[in-house]
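The values are calculated or read from the model by the stated rules, or taken from the named source; none is laboratory data. These numbers were taken from a predicted model, which means no experiment stands behind them. Quick reminder, even Gly has a Cβ in these numbers, built from the backbone with ideal geometry, and neighbours come from all protein chains shown.
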Amino acid sequence: MTGFALRCLAAVGLVASMTATHAGMMNAPCDRPVVFRDAAVNVVVLPFALPTQNSRAANRLAQLVQRETLRSVAKFGSVASVQLGESDDRACVPAEVRAKLLGEQPTSGDRLAPGRAVVLVWGRIVESGDQLYSQVYVDFVRGRSTEKLELPFGTDRLVGPLGAQGFAGPQRSMDRATLARIDDFARRSNVLYESPDENADRVTIPPDVPFSYYVTEIRGDWMRIVVFPGSVPPGSVNSEQNAFGKKQWIRAVAAEPEWTLRKVWPEIAFVEGVTGYLVTSDPKAAGTAAARATMAAAASRALDEFQENLHSNGLAREQESFDERYAGARAVALELQGALQLLGIDRGDAALRAARARFAESSRLRPGNAEARNLTLMTDLVLARQADSPEPALKAADALLATLGIAPSNVAVQANLRVAYRWLLGLAGPRPPAWRVLTADERSHLADMLSGLNQVAPYRGG
Amino acid sequence: MKRMSIAWLSVALAAFACLPCSAQMRPCPGVAGPGQKVLIDDIDGAQSVVLGLLKQRIDAGLAKLQLETRAASPSGAASGVDAVRVRAVRCSDRHPADSAAFTPAIARELNNNEVVLEVWAETAPLPATEAPGLRALVGYALVPLRHYVPTSAQGVVIVESKASSVDSPADLLALLDQSGTLAIYTAVGSGVRLLYAEDFDQARTQLCLALARLEKIRNPSPDDADLSQAVRDMAQDTVRRALASPGYHGALRLAAPVSCTVAPL
């Protein structure tokens with residue numbers, strides 16, 4: 001990371017102006033989850049379940065993940081990261097935290113603001129004999145809606161939801177020495193320094209005490225933060241009121257010569273990528289077109305890194321029969337990468353083809369999944385407008401119809417097929433002038449299918 | 001009056017006849033309530049590395065199933081995502097001995113409670129006649145299939161693996177990897193249940209999804225091949241039944257598909 005320095009925010013002035021950006025919180029209790037309501041995306045890290053039932057160690061691992069995540073996503077702007085800890089030996093249940101944050105369950109903690117997104121990360125390490133196995137889970141949601149791609153098409157829009165918004169990473173074997181080294185690193189790194197230097201004056205952050213912080217600067221592997229007690233309203237904190245005085249620097253990257261956290265758990269790179277996607281696709285958070293393009297590229301690179309590390313850390317050491325365990329994780333990453341291609345202003349043929357390649361790859365990984373096919377065929381339809389004949393568009397419509405044959409109640413596929421038929425019949429904007437005229441049989445068939453689609457009604461048994 | 005007496009007598013006799021078989025398995029208290037469910041029975045047997053690994057593989061498979069098939073929106077209504085929404089229910093001290101434990105009465109009761117799959121597992125030392133080692137076994141009762149098609153050999157699937165030593169338990173359990181299997185059997189169970197509830201669209205979706213996953217298995221066993229054929233037949237039957245149903249106005253009328261196999265993109 002040498003040479004990489006990103007000055008995120010001026011380190012002066014009231015922190016109130018930074019409430020939505022680069023904020024972190026540690027040790028907040030799981031049963032009263034908290035988030036930074038103004039941030040476009042909150043990354044919420046839950047404790048890593050350990051075989052020893054050691055909640056402090058579990059929280060320490062989660063803190064490492066939280067800091068590394070915050071450092072990697074800070075470049076996306078309006079982001080925050082929260083580490084939730086177990087309280088009173090009550091286990092954190094991800095589904096409950098999610099439900100509370102979305103307002104589906106009562107809570108005295110925070111709820112996400114409308115339209116804001118959360119990425120939940122948790123993991124578990126189990127032992128069997130001398131061997132440990134680790135697994136990381138990621139789940140993301142914006143508000144209470146489904147993430148979907150929309151593409152203008154004639155006077156209508158094509159719509160494609162993602163096939164999944166979460167995955168369980170593959171189980172990987174992990175030796176005890178590596179876990180011990182990571183935990184030792186976690187103990188040593190929960191320390192604030194006066195300068196970004198291991199030899200500088202330092203103070204250890206007390207464990208189990210909730211506190212919030214804002215990142216005011218990132219320098220290489222270090223973050224400069226302003227720490228304040230969790231009970232203090234964020235808007236009232238001044239950067240000079242750091243709870244630890246001049247000691248404001250903390251290690252934000254967990255890496256040593258023998259290991260890096262991002263290789264031990266490649267899902268951290270996925271979290272970076274999906275956070276970039278969620279910020280870039282949030283119309284309130286994203287900035288200029290150029291900034292969006294930069295963020296989209298960075299997010300896609302992180303998703304590439306995730307897939308490469310999945311391969312090197314997993315497939316190379318595992319048996320082929322385990323492939324299914326990777327399919328879900330890879331498919332989600334590919335669909336996000338495809339969507340990232342189409343978030344910018346440039347939705348030209350090159351971007352569409354690049355997106356199509358990702359969606360088609362996702363479809364190959366999950367052959368019965370209608371969503372990946374739908375996304376692929378959406379790009380085919382848009383690309384077909386550039387063709388010199390209607391055949392590619394007719395073929396894409398036929399493929400959508402075949403997809404309906406394996407997922408007849410899929411509302412997105414139904415809607416897109418309706419849009420395609422309308423457009424082919426000239427009912428949704430002009431068709432390309434160079435195209436041949438459709439034959440009477442073709443028109444009749446398309447009109448019949450459109451009429452049939454318009455009469456489709458849900459049926460739940462007689 | 002006479003008819004009622006006979007009916008009551010039949011019920012009483014049926015209940016009496018089932019007492020011994022029901023007694024083989026302890027009831028699962030969490031089985032009631034709405035929604036499709038996967039029952040996970042206690043996993044036990046010879047204490048070993050394999051036992052621990054087996055437990056966590058099943059847990060991991062379940063977590064993966066729930067996370068990767070969860071619809072993003074709570075209602076799922078606005079999404080196009082074809083999710084099987086199942087709830088896992090843990091059943092303590094419940095140990096089906098074999099497929100015979102799933103008698104017609106038990107299969108009916110489980111099916112009435114919307115159980116689509118029951119999973120159990122155990123480990124045991126290999127018999128003395130064999131080399132020292134362990135046997136690991138995972139059983140899957142595809143409850144709706146067992147209930148509606150009791151003659152089907154695929155209603156209860158038992159996967160067994162033996163290892164003459166426990167030097168590499170991960171290798172042994174690679175053969176019993178749960179993460180894909182659990183999703184396949186859940187989709188089959190859900191699809192069959194939906195088919196007999198005449199929810200043809202959702203049934204077709206789940207059966208085609210299951211078939212796509214079954215066809216992805218490398219080196220399928222004869223049991224896998226048999227299950228694939230059974231699912232293929234039911235997916236086609238779903239279309240036939242939908243088209244024959246006067247009240248059905250779903251999209252299968254348009255697509256009128258036969259095969260679940262769609263051309264790769």
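Please list, ordered by residue number, the helices (runs of 4 or more DSSP H) wholly in segment A:341-435 having 1 or more residues that are among the aliphatic types (A, V, I, L, M) and touching a Cys at 6+ places or on another chain (Cβ under 8 Å).
Those helices (runs of 4 or more DSSP H) span A:391-406.
So that you can scan it fast, the table gives a plain yes or no per residue for (1) crowded, with 17+ Cβ neighbours inside 10 Å; (2) of a type in the set (A, V, I, L, M); (3) part of a helix (DSSP H, G or I); (4) more than 9 Å from every other protein chain (Cβ to nearest Cβ):
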| position | (1), (2), (3), (4) |
| --- | --- |
| B:TYR185 | yes, no, yes, yes |
| B:ARG204 | yes, no, yes, no |
| B:GLN236 | no, no, yes, yes |
| B:VAL239 | yes, yes, yes, no |
| B:LEU243 | no, yes, yes, yes |
| B:TYR248 | yes, no, no, no |
| B:CYS260 | yes, no, no, no |
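Per-residue answers, yes or no, for (1) modelled with pLDDT of 95 or more; (2) not acidic (Asp, Glu):
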residue	(1), (2)
A:ALA329	no, yes
A:ASP346	no, no
A:ALA360	yes, yes
A:LEU365	no, yes
A:THR379	yes, yes
A:ALA393	yes, yes
A:LEU401	yes, yes
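Residues of segment A:422-457 being touching a residue at least 24 places away in the same chain (Cβ under 8 Å), surrounded by fewer than 12 Cβ atoms within 10 Å (Cβ to Cβ) and within 14 Å of another protein chain (Cβ to nearest Cβ), which ones?
Passing the criteria: only A:ASN454.
Any chance segment B:241-251 includes a residue that's more than 15 Å from the chain's Cα centre (by Cα), polar (S, T, N, Q) and over 19 Å from A:ARG373 (Cβ atoms)? Please lay out each step first, then the result.
Residues of segment B:241-251 that are more than 15 Å from the chain's Cα centre (by Cα), as a first pass: B:241-251.
Filter again for polar (S, T, N, Q), leaving B:245.
Pick out the ones that are also over 19 Å from A:ARG373 (Cβ atoms) and you get B:245.
Taking every residue of segment B:241-251 in turn, at least one turns out to be more than 15 Å from the chain's Cα centre (by Cα), polar (S, T, N, Q) and over 19 Å from A:ARG373 (Cβ atoms).
Scan (1) surrounded by fewer than 20 Cβ atoms within 10 Å (Cβ to Cβ); (2) free of Cβ contacts under 8 Å to residues at least 24 places away in the same chain for the single condition A:THR146 breaks and write down its number.
Checking A:THR146 against (1) surrounded by fewer than 20 Cβ atoms within 10 Å (Cβ to Cβ); (2) free of Cβ contacts under 8 Å to residues at least 24 places away in the same chain, the one that fails is (1).
With the condition kept exactly as written, say whether any residue in segment A:83-104 is within 11 Å of chain B (Cβ to nearest Cβ), under 22 Å from B:ALA63 (Cα atoms) and in contact with an Asp or Glu (Cβ under 8 Å, 6 or more places away or on another chain).
yes
From the list B:ARG232, B:ARG213, which one is within 11 Å of chain A (Cβ to nearest Cβ), within 22 Å of the chain's Cα centre (by Cα), without any contact (Cβ under 8 Å) to a residue 40 or more places away in the chain and within 20 Å of B:ALA153 (Cα to Cα)?
Within the list B:ARG232, B:ARG213, the selection yields B:ARG213.
Of all residues being in contact (Cβ under 8 Å) with a residue 40 or more places away in the chain and under 14 Å from A:GLY160 (Cβ atoms) in segment A:395-415, which is farthest from the other protein chains (Cβ to nearest Cβ)? Just the residue, please.
A:ALA415
What's the number of the only condition in (1) of a type outside the set (Asp, Glu); (2) in contact with a strand residue (DSSP E or B) (Cβ under 8 Å, 6 or more places away or on another chain); (3) under 29 Å from A:LYS100 (Cβ atoms) that A:GLY160 fails to meet?
(3)
Output the number of residues of segment A:78-100 satisfying the condition of being closer than 18 Å to A:SER212 by Cα and crowded, with 20+ Cβ neighbours inside 10 Å.
Residues meeting the conditions: 9.
Filter segment A:376-394 down to the residues that are closer than 25 Å to B:ASP201 by Cα and facing chain B (nearest Cβ under 10 Å), then identify the one that is farthest from the chain's Cα centre (by Cα).
The selected residue is A:LEU377.
With respect to A:PRO33, is the statement that it is of a type outside the set (A, V, I, L, M, F, W, C) and modelled with pLDDT of 80 or more true?
The answer is yes for A:PRO33.
From the list A:ASP184, A:ASP130, A:ASP156, which residue is surrounded by fewer than 18 Cβ atoms within 10 Å (Cβ to Cβ) and away from chain B (no Cβ under 14 Å)?
Details: A:ASP130 fails: away from chain B (no Cβ under 14 Å); A:ASP156 fails: surrounded by fewer than 18 Cβ atoms within 10 Å (Cβ to Cβ).
Among A:ASP184, A:ASP130, A:ASP156, only A:ASP184 is surrounded by fewer than 18 Cβ atoms within 10 Å (Cβ to Cβ) and away from chain B (no Cβ under 14 Å).
With respect to the numbered conditions (1) facing chain B (nearest Cβ under 7 Å); (2) among the aliphatic types (A, V, I, L, M); (3) over 17 Å from the mean Cα position of the chain (by Cα), which one is the sole condition not fulfilled by A:ALA164?
All conditions are met except number (3).
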